[in-house]
Each structure stands twice: as structure tokens, then as C-alpha cells.
1. Select from the range 145-195 the residues that are among the acidic types (D, E) and farther than 16 Å from Y105 by Cα and list them in ascending order.
2. Which of the residues spanning the range 237-275 are over 15 Å from L133 (Cβ atoms) and in contact with a Ser or Thr (Cβ under 9 Å, 6 or more places away or on another chain)?
3. Could you identify the single residue in G271, G255, G248 that is among the small types (G, A, S), assigned by TED's automatic domain parsing to the domain that holds A68 and either over 21 Å from A123 (Cα atoms) or modelled with pLDDT of 95 or more (or both)?
4. Identify, please: which residue in the range 30-84 is more than 27 Å from V296 (Cβ to Cβ) and among the basic types (K, R) and is, among those, farthest from the chain's Cα centre (by Cα)?
5. Of all residues being in a loop (DSSP other than H, G, I, E, B) and of a type in the set (D, E) in the range 239-297, which is nearest to P340 (Cα to Cα)? Just the residue, please.
6. So in the range 298-317, with the set limited to residues that are touching a Phe, Trp or Tyr at 6+ places or on another chain (Cβ under 7 Å) and buried (at least 22 other Cβ atoms within 10 Å of the Cβ), which one is farthest from E342 (Cα to Cα)?
7. Within the range 332-357, which residues are assigned to a helix (DSSP H, G or I), surrounded by fewer than 20 Cβ atoms within 10 Å (Cβ to Cβ) and either at pLDDT 95 or above or not small (G, A, S) (or both)?
Amino acid sequence: MSADNGFRIAVLPGDGIGAEVMAPCLRVLDAAASRVGGFSLDWGIHPAGAQSYLDTAHALPKETLAQAGRADAILLGAMGLPSVRYPDGTEIAPQLDLRFAFGLYAGVRPVRMLPGMPAVLAAPRAAATDFVLIRESTEGLFASRGRGTVIDDAEARDTMVITRPASERLFDFAFRLAGARARSGGGVTCVDKANVFASFAFFRKIFDERAALNPGIAARHAYVDATALFMVQRPWELDVLVTENMFGDILSDLGAGLMGGMGFAPSADIGDEHAVFQPCHGSAPDIAGRGIANPVAMFLSGALMLDWLGERHRAPDAARAGALVRDAVDAALGSGIVRPFEIGGDAGTEAITVAVLDQISRVEIKS
């Protein structure tokens, strides 16, 4: 952060609808910062993604990576296109490169029921669902990315990697988050498959060791298959779930489904020094250019960025602006004035943006 309380944000708009929802997000974040006051946001726009790969043969150019490393935070649009792939057949995914480059070990996926949304679950308490899934983002099964082997076109192998240092910092992060949330009856649940795999038995062992250092926070275990069941049957009882990379990747999409779709699901990838904020959805080339992409997940990811900046830099105004963005989204959706296309409405990107901007000027700023 600069001396004048300005935050430098590296913006990587991405591909398809990534760029289409990024520009409205910057408008929303600027409006929230302006209303709260006390800080400013300095946007630096940089290329990355499938189109960058086609244009320059670099999905994440060195200068973009350098600028991201110097920024206070990184705001990322959806990246990749199904038709653009590396020679090994895998898709372009600079977001994964950023995780490994900056050690972004905690993938944070909040799951919260938003006002005005059609009920995905019929249970009366479903509206009270508010939990956070944390996936380890630098190893697990993803450690094999680019290293898998295919033998004689008859056998393929990818290797799971669980290490003590990565697991310890992940669990410590999870317990800190649960402590900050301080939900009644909450705590941290380790999601694994420790009954089958030695790697997950090791993962659970380390979890129990870190739990012993946090005696004031409830610690529980659950197998991943049972967790998928709990997320549908009684998600309102969950607080903080922590798991391996691949399991977290899958469960976070289930969480997005509970919220109404990928267009409502924000995310963050956080390390000790850097953090990336991006919506959970992909680049959706099938709807790109039509003006119907839902920007809510991008707005909420921006709010997570403001939360993180506020905590990291002891800047309460930034945190207040993050809360303002969330409250404005809730008010816009809860009013029934706008309903995104993906839930049967007719509100496109601009209509949703205008509604949220209007609410930013109206809703009360929390102290």
C-alpha cells in the first residue's frame, strides 16, 4: 500500500466472459471505495489467458507475473478456452500457475445463500447456510499437473502429494478463519479419505496435531463422500471445511450449485504474501459477447479482495467497502428487481451492475 492509502491491484481480465464481468466489477469496487473513503484502488490491466497464448505463445507473460508479484492483490477474470490447449492436451490455466508461483496454498470458497434466490434445497433451514470450504491449492493430486505419465498407451499415472509444511499452514489458516467467524456450534472439519489412502491418513494426523494447538475451536473429521451428502442434507450445520486440492475442487462446485450456480460463487487463493481473487465460473465462450453473463461472482470475489486488503494492511475502510459490496449485492438480488438469466430471469450484465451500483449509494455502511 502506498503512502496515500492507495492499493495497487493487478487486473488480469482473462478470456470470454472473464473480461465482460471484470470491467463492471472495477466500477462496483471503485464506487464502494469512493463511498466509504479512506483508501483508493489503482488498477493495472495485464494480459494472460488463452488469447494471450494465441497472440504471444505465453499464457502468463513474464511481465504480467512480475506486475502481479509487485501488486497488493491480484484480481483475476475467468481464463482459458476449450479450443485452446497446450501440446499435451491440457487447457490453458494461468490461475494454476499463479497459485504455484506465489505459494497460494489456501483456496477459499465461501458458500452462502443469497437473498431472492430460488430455493435449491427445500429444507426450512437451508437459507441459513453459510460455510467456507478451504482447499489446499499447491499440492495434492494437482501436484501431478504437467508431470503425469502415459505408458505405452495402456496405462496412465498421476501422483498425490501431501506434505507436512503445506498441510500445517493450511490447517492453521482454517483454524484462524473459524476463530474469526466464531459461529455458534461451528469449528473446522477435516475432509479426507483416511480410511483408504495413506496420504489422507497422514493429512488427518497433521490436522489432529494442529487442532491440539487450537483447543478452543471444535475439530471434526468427515470422509469426502459423506461430506458431499452433508452439503445437500444439512449444509446449514457446516462452518469451515478443509481438504485436499482435488476434493476441494469438486466440492466447491457442489457449493456453487447450492448457491444457485457458478455465476454466484466467489473465490480466493491466499498465501502468506500474495492473494488472487476470482469467480469460480469459467470463461463460458458459449455466451460470451451476448451481454448476459452474471457478474455477481466477480463482484463478491472483489469484496473478498477488499476484506483481505483490510485485514492484511490494517485498513478498516477497505473491509467496510467489502461489506458494502456484499450488502449491495444482497439488496439488489433480494429486491427482486433483477434476476440473472441463469436462474430464469432476464437481467444481463449491465442491468445487474446498475442495480448493484444503485444499492451501493443507498445501503448503510457498517461500522
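1. Let us first name the residues in the range 145-195 that are among the acidic types (D, E), namely 152-153, 155, 158, 168, 172, 192.
The answer is D152, D153, E155, D158, D192.
2. Looking only at the range 237-275, we keep the residues that are over 15 Å from L133 (Cβ atoms), and these are 260-261, 263, 271-275.
Passing the criteria: only G271.
3. None of the other options fit; the residue is G271.
4. K62
5. This residue is D286.
6. L309
7. We begin by selecting, within the range 332-357, every residue assigned to a helix (DSSP H, G or I); these are 332-334, 341-343, 349-357.
Still in the running and surrounded by fewer than 20 Cβ atoms within 10 Å (Cβ to Cβ): 334, 341-343, 350-351, 354-355, 357.
Hits for the range 332-357 are F341, E342, I343, E350, A351, V354, A355, L357.
Residue by residue, here is whether (1) touching a residue at least 60 places away in the same chain (Cβ under 8 Å); (2) buried (at least 23 other Cβ atoms within 10 Å of the Cβ); (3) closer than 28 Å to A319 by Cβ holds:
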{"position": "A178", "(1), (2), (3)": "yes, yes, yes"}
{"position": "S184", "(1), (2), (3)": "no, no, yes"}
{"position": "F197", "(1), (2), (3)": "no, no, no"}
{"position": "A218", "(1), (2), (3)": "no, no, yes"}
{"position": "V224", "(1), (2), (3)": "no, no, no"}
{"position": "T227", "(1), (2), (3)": "no, no, no"}
{"position": "P235", "(1), (2), (3)": "yes, no, yes"}
{"position": "V240", "(1), (2), (3)": "yes, yes, yes"}
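The values are calculated or read from the model by the stated rules, or taken from the named source; none is laboratory data. Small disclaimer: the values here were computed from a predicted structure and weren't measured. Cβ sites come from the backbone with ideal geometry, for glycine too, and all protein chains shown count toward neighbours.
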